[in-house]
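This report refers to the structure that appears directly beneath it.
The values are calculated or read from the model by the stated rules, or taken from the named source; none is laboratory data. All values reported here derive from a predicted model rather than from experimental measurement. For neighbour counting, all protein chains shown are included, and Cβ atoms are generated from backbone atoms with ideal geometry for every residue, glycine included.
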Amino acid sequence: MVTRSKLPYLLLFPTMTLYGVFFVFPFLYSLFISFSEWHLLTGDMTFVGIQNYRQLAGSHIFKKTIGNTLMYVMTTMPVSIVLGLMYALLIEQTKKAKALYRFVFFIPVVISVAAASLSFSLLYNARHGLINQVMSLVGIQGPNWLNESKSALLALVILGIWQSFGYNVILFIAGIQQLDKEIYEAAAIDGLSPFTRLTRLTLPLLSPVTFFVFVMTTLSSFQVFATVQILTMGGPNNATNMMVFFVWQEAFKFFNTGLATAAATVLFVATMILTLLMVRIVQRKVHYQ
Amino acid sequence: MNQHRLTGWWIHAILMITAILILIPFLWMVSISLSDYGAVFQRFLLIFPTSVSLEGYRQVLENSPFMRWFFNSVFVAGCLTAGQLTLGVLAAYAFARYRFKGSEPLFFFVLCTMMIPPQAILFPLFMVINAFGWVNTYQGVIVPHLASGYAIFVLRQFFLQIPRELDEAARIDGCHGFQVLYHVYLRSAVPAIISVGLIQLVRNWNDYYWTLVVLRDSQKMTLPVGIVAFRDETLVQWVPTMAAATLSVLPVLVIYVLGQRYFVQSHVHSGIK
């Protein structure tokens, strides 16, 4: 029954006003600016059409940025999901220690990315870092993690996985706990092996959760910023420059407003399309309420 | 039976090793922060300091406005969380209790704002703040993020589980709109409100990217931005840097330890149902 009351509109008014001013409007405003040139000294703006976008498309660094971001997402996301599911299944097998494991696995999620990044920056130190010291114990000369093109992105991926998979563990545990116990009792009576139970029952039944985890992990790893800014500043030689960092750098380091707004628009539209697609599919697959 | 116990051991062994690996970055941070300046990298079993000193902590507290950053963080995270909860309760009540023209597209919009990471509009939002003259102010940090899609979503999920009969009974007793919200919904949703509040508090406390962009004065910074600035100022002196990082993490760990069950509970309610 559709209400005629004005109350819901009143209740939503503050929230929607904020979203309007600080979410919808910024996007339109920056879209507008991305088609103009902003003279910082005089404050004048001239319409320049798609010049900023043309410059962006011609930028080798921006192309590299997109490649790096995809590389980062395509490695961090699957590992984080697989580890999340694996450890959720393992933790669910335990009894008394369950709460303790859940507690420890979730710690990286509550520690600030700033503090974690500072700790990792020393862990990755070529000479004094713990990682290379452990590697040298077994006779391997570790790389200069953050200063070599080949290893810097990997270093950020490892940090990204460390940060995110504990959250996925908790989401999967929540999903497992909601599975119907009776199905498992029936399966046990039918004599299904644990492996068959996992592949034929648990994994298919968990698919809505898996999909939700997939959406959240993809979107959040797509927006990696703080670790890049604190650990590598996009370097060496742009090997770890990624999309959000590129926008930040153009805007706040190089004061290149035109290019920054154009890149921001590309980033936002890409995220928006990705989100809309995923929310649509989630709505169809996962039954809210 | 024996085989069962054996697999049990394997599971514990794997989980224990992983748990230690997860904790290493944190233990490493604490261990370095307690080291002696001269002997930072003379370590016992790689991770333990050979001589313990509180010099790093002394240097943080004396040479940086650490306490100022702490109170800034308390203020910013407190205001944000209070605002997000208040607006979240109002919006969640509207979505859970009423069907009105436009309710579905509006809720879909809220879902989108929950999923689109805020970094995606970093620079556009900054330009709006700049136009308002809010750069380097606390309203610039706080106001744009007062509406939280996550809070609205989780609270709505919780409100939907409250039986409609309670609601109708309250109406027969003569309650209207806001009174029903208070007497029926708010009172039974206390655990959910605490969960969402704690999770948002930690998120707001940890926020890095937006505060970094808005606040410029060292005196105004919050802890996450402050400790990174401190690292750069000390020209990367590891002992005090790790001491600052450790101190900045402690309040969150205390909240997490005390409110542990709320953190997990809330994730059972979010998204999956």
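Some observations on this one:
- All positions within the range B:95-124 that are part of a loop (DSSP other than H, G, I, E, B) and more than 7 Å from every other protein chain (Cβ to nearest Cβ): B:102
- Among residues of the range B:140-165 that are over 25 Å from residue B:211 (Cβ atoms), those with a beta-carbon under 7 Å from a residue that is in a loop (DSSP other than H, G, I, E, B) and hydrophobic (A, V, I, L, M, F, W, C) at least six positions away or on a different chain give the pairs B:155/B:189; B:158/B:189; B:159/B:189.
- Restricting the range B:168-222 to residues that are small (Gly, Ala, Ser) and part of a helix (DSSP H, G or I) leaves a set whose member that is farthest from residue B:70 (Cα to Cα) is B:169.
- Any hit, the range A:234-255, residues being touching a residue at least 40 places away in the same chain (Cβ under 8 Å), surrounded by 24 or more Cβ atoms within 10 Å (Cβ to Cβ), in contact with a helix residue (DSSP H, G or I) (Cβ under 8 Å, 6 or more places away or on another chain) and within 7 Å of chain B (Cβ to nearest Cβ): no
- For the range A:146-183, the set of residues classified as over 18 Å from residue A:112 (Cα atoms), in contact with a Phe, Trp or Tyr (Cβ under 9 Å, 6 or more places away or on another chain), away from every other protein chain (no Cβ under 13 Å) and not small (Gly, Ala, Ser) consists of A:153, A:154, listed by residue number.
- If the condition is being over 20 Å from residue A:270 (Cβ atoms) and of a type in the set (D, E, K, R), then the range A:11-69 contributes A:37, A:44.
- Among (1) more than 10 Å from chain B (Cβ to nearest Cβ); (2) touching a Ser or Thr at 6+ places or on another chain (Cβ under 9 Å); (3) more than 22 Å from residue B:153 (Cβ to Cβ); (4) not hydrophobic (A, V, I, L, M, F, W, C), the one test that residue A:200 misses: (2)
- The condition of being crowded, with 23+ Cβ neighbours inside 10 Å, facing chain A (nearest Cβ under 10 Å) and at pLDDT 85 or above holds for residue B:224.
- Taken as a whole, the condition of being surrounded by fewer than 16 Cβ atoms within 10 Å (Cβ to Cβ), touching a Gly at 6+ places or on another chain (Cβ under 9 Å) and either of a type outside the set (Ser, Thr, Tyr) or not assigned by TED's automatic domain parsing to the domain that holds residue B:217 (or both) does not apply to residue B:153.
- Only one entry in A:94, A:46 is within 12 Å of chain B (Cβ to nearest Cβ), surrounded by fewer than 18 Cβ atoms within 10 Å (Cβ to Cβ) and more than 27 Å from the chain's Cα centre (by Cα), namely A:94.
- Scanning the range A:227-250 for residues that are polar (S, T, N, Q) and not in a loop (DSSP other than H, G, I, E, B) gives A:227, A:229, A:232, A:249.
- Close contacts from the range A:17-32, counting a first residue that is more than 7 Å from chain B (Cβ to nearest Cβ) and a second that is part of a helix (DSSP H, G or I), with Cβ to Cβ under 7 Å and a gap of 6+ residues or different chains, come to A:31/A:265.
- Note on the range B:25-40: residues that are facing another protein chain (nearest Cβ under 7 Å) and out of contact with any Pro (no Cβ under 9 Å at 6 or more places or on another chain) total 2.
- Looking only at the range A:122-145, residues that are more than 7 Å from chain B (Cβ to nearest Cβ), surrounded by 21 or more Cβ atoms within 10 Å (Cβ to Cβ) and closer than 14 Å to residue B:24 by Cβ come to 2 in all.
- Of the residues B:236, B:190, B:202, B:254, the single one that is within 30 Å of residue B:124 (Cβ to Cβ) and either more than 21 Å from the chain's Cα centre (by Cα) or not basic (Lys, Arg) (or both) is B:202.
- Pairs, first surrounded by 13 or more Cβ atoms within 10 Å (Cβ to Cβ) in the range B:168-187, second among the charged types (D, E, K, R), C-beta under 7 Å, six or more apart: B:180/B:167; B:180/B:171; B:184/B:167
- Against the test of being within 26 Å of residue B:124 (Cα to Cα), modelled with pLDDT under 85 and of a type outside the set (A, V, I, L, M), the options A:199, A:240, A:275, A:232 yield a single qualifying residue, A:275.
- Qualifying positions in the range B:78-94 - hydroxyl-bearing (Ser, Thr, Tyr) and within 8 Å of another protein chain (Cβ to nearest Cβ): B:93
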